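Remarks on the structure that follows.
The values are calculated or read from the model by the stated rules, or taken from the named source; none is laboratory data. Just so it is clear, the structure is predicted and the values come from calculations on it, not from any experiment. Cβ sites come from the backbone with ideal geometry, for glycine too, and all protein chains shown count toward neighbours. Please note that ligands, DNA and RNA were not included when accessible areas were found on the heavy atoms of the full protein model with its side chains. Shrake-Rupley method; radii C 1.70, N 1.55, O 1.52, S 1.80 Å.
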Amino acid sequence: MSRPPSQERDRRSLRCPVLLYLSAATGIHLVWETAQLPLYTIWSTGTRFEVLFVVIHCTAGDLLITASALTLAALVARIGHWPFFGNRMALTAILLGLGYTVFSEWLNTQVRHSWSYTEAMPLLPPLGTGLTPFLQWLIVPGIAFGYVRRKAKA
């Protein structure tokens with residue numbers, strides 16, 4: 001069964017900003033992950049291959065978190081009749097990504113000990129989350145949302 005032309009146009013018009021957002025966010029996450037790596041012990045204890053793997057692995061994880069947060073925010077926006085890629089949707093996506101990151105950093109550094117910070121990493125109480133991953137999930141999605149909005153206006 002085919003969709004009416006108006007529904008197909010709506011789906012295509014949403015696909016472009018979503019792909020643009022995910023692409024922009026992933027590129028910025030890659031740069032961020034690379035820049036903050038010296039604040040994790042793997043930087044000094046890992047081989048070059050391990051460091052490269054961590055950057056790729058973490059960036060892929062960031063893409064998954066970004067896509068999941070965007071999907072959940074889009075569902076909330078639809079339920080709340082908010083504008084797609086509007087301020088409330090952007091804030092919701094940012095807070096979802098930030099919330100997951102705080103939990104994940106706590107779980108992996110404090111409980112599982114999957115990775116650890118160097119002494120140079122500033123920590124945020126009460127869970128001891130690193131400052132740079134916290135800032136990453138405030139700044140990167142904000143920049144990516146702004147980029148999509150600028151492109152949409154052009």
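Key figures for this structure:
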quantity	calculated
Candidate set: region 140-151, residues that are open to solvent by 70 Å² or more (accessible area, probe 1.4 Å) and touching a residue at least 40 places away in the same chain (Cβ under 8 Å); chosen: the one nearest to TYR40 (Cα to Cα)	ILE143
Residue among SER23, SER44 that alone is open to solvent by 60 Å² or more (accessible area, probe 1.4 Å), closer than 27 Å to ARG149 by Cβ and out of contact with any Lys or Arg (no Cβ under 7 Å at 6 or more places or on another chain)	SER23
Which numbered condition LEU72 fails, given (1) closer than 17 Å to TYR40 by Cβ; (2) in contact with a helix residue (DSSP H, G or I) (Cβ under 9 Å, 6 or more places away or on another chain); (3) in contact (Cβ under 8 Å) with a residue 12 or more places away in the chain; (4) open to solvent by 80 Å² or more (accessible area, probe 1.4 Å)	(1)
Condition met for ILE94 (under 24 Å from ARG150 (Cβ atoms) and open to solvent by less than 30 Å² (accessible area, probe 1.4 Å))	yes
Selection count, region 91-128, where residues are at pLDDT 95 or above and either touching an Asp or Glu at 6+ places or on another chain (Cβ under 8 Å) or among the acidic types (Asp, Glu) (or both)	2
ASN108 vs. criteria out of contact with any strand residue (DSSP E or B) (no Cβ under 9 Å at 6 or more places or on another chain) and open to solvent by 40 Å² or more (accessible area, probe 1.4 Å)	no
Where ASP62 falls short, out of the listed (1) at pLDDT below 95; (2) not in a loop (DSSP other than H, G, I, E, B)	(1)
Selection from region 111-131 of residues that are open to solvent by 20 Å² or more (accessible area, probe 1.4 Å), in contact with a Phe, Trp or Tyr (Cβ under 8 Å, 6 or more places away or on another chain) and outside any loop (DSSP other than H, G, I, E, B)	TYR117, LEU123, LEU124
